[in-house]
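Read-outs throughout are calculated quantities, based only on the coordinates presented, and are distinct from any laboratory measurement. From a predicted model like this one, the values you see are computed outputs, not experimental measurements. Here the Cβ is made from the backbone with ideal geometry for all residues, glycine too, and neighbour counts use every protein chain on show.
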Amino acid sequence: MPTPDLLDAEKEHSLVLVKPDGFARGLTGEVLRRIEAKGYVLKGLKIKKANEELLGEHYVEHKEKHFFKDLVEYMSSGPVVAIVVEGDRVIEGVRSLMGNTNPTLAAPGTIRGDLGRDWGTGNVENIVHGSDSPLSAAREIALWFPELTYKES
Ligand code: DAT
Ligand code: MG
């Protein structure tokens, strides 16, 4: 049995997803490049086709929103790349790298601003997800990387 990977619970982590549009457009490397160039460390990485159940958990705070059904459809339309990223203030840092939720309005220089646009699909296709708080990060990492455990300190 291989030893499972361990996360240092003292350090901050964010769960990043390269969404189906980003993966299909071949932007995974560009997203990873920006995260690594910023100085953050990759602690987990996988390609996964998410099902409705996983996405329902992942987007639990949006369950009552009008766009929820379309969001789950878009997010399950193809593989995503799930990444655990580590570093001091990485949650805020990744949010800053990603830019505004709406890619039309996201500032140039950000992932969404440089690489995203409105495609007229009715969905907000914005290439990446990043956790928005330590609590969400812990919940999302457990969902996408159940095999990753925290080491005792
Ligand atoms: P973020 O991904 O920037 O954290 P969020 O958590 O508010 O944004 O929303 C999650 C995703 O849902 C977002 O990346 C795209 C989609 N979304 C948000 N608002 C939407 C809207 N008004 N209509 C359609 N999709 C939306
Ligand atoms: Mg969010």
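Structural remarks
- Residue-averaged 222 nm ellipticity for the chain, from DSSP H runs of 4+ at -39500 (n - 2.57), nearest 500: -10000 deg cm²/dmol
- Rounded FRET efficiency, nearest 0.05, which uses the C-beta distance separating N100 from K63 and R0 of 35 Å: 0.95
- Across the stretch 28-153, C-alpha contacts under 8 Å between residues 6 or more apart give a mean separation that, scaled by the residue count, equals a relative contact order of 23 percent.
- Per residue, the convex hull around the alpha carbon atoms of the stretch 1-136 comes to 121 Å³.
- Positive-pole candidate from M75, G130, G22, dipole of the chain, charges at beta carbon: G22
- Residue exposure sequence - Y40, Y150, Y74 - by fewest surrounding Cβ within 10 Å: Y150, Y74, Y40
- Bridgeable aspartates and glutamates around K69 (alpha carbons under 19 Å apart, same-chain partners fewer than 8 residues away excluded): D21, E52, E53, E57, E61, D118, E125.
- Dipole in debye (nearest 20) - the stretch 23-70, about Cα centre, beta carbon charges: Lys, Arg +1; Asp, Glu -1: 300
- The chain: angle of helix 28-38 to the longest principal axis, Cα-based, in degrees nearest 10: 60
- Sorted by Cβ neighbour density within 10 Å, fewest at the top, the residues T28, T121, T149: T121, T149, T28
- Total charge dipole magnitude, the chain, about the Cα centre, Cβ charges on Lys, Arg, Asp, Glu only, Debye to nearest 20: 380
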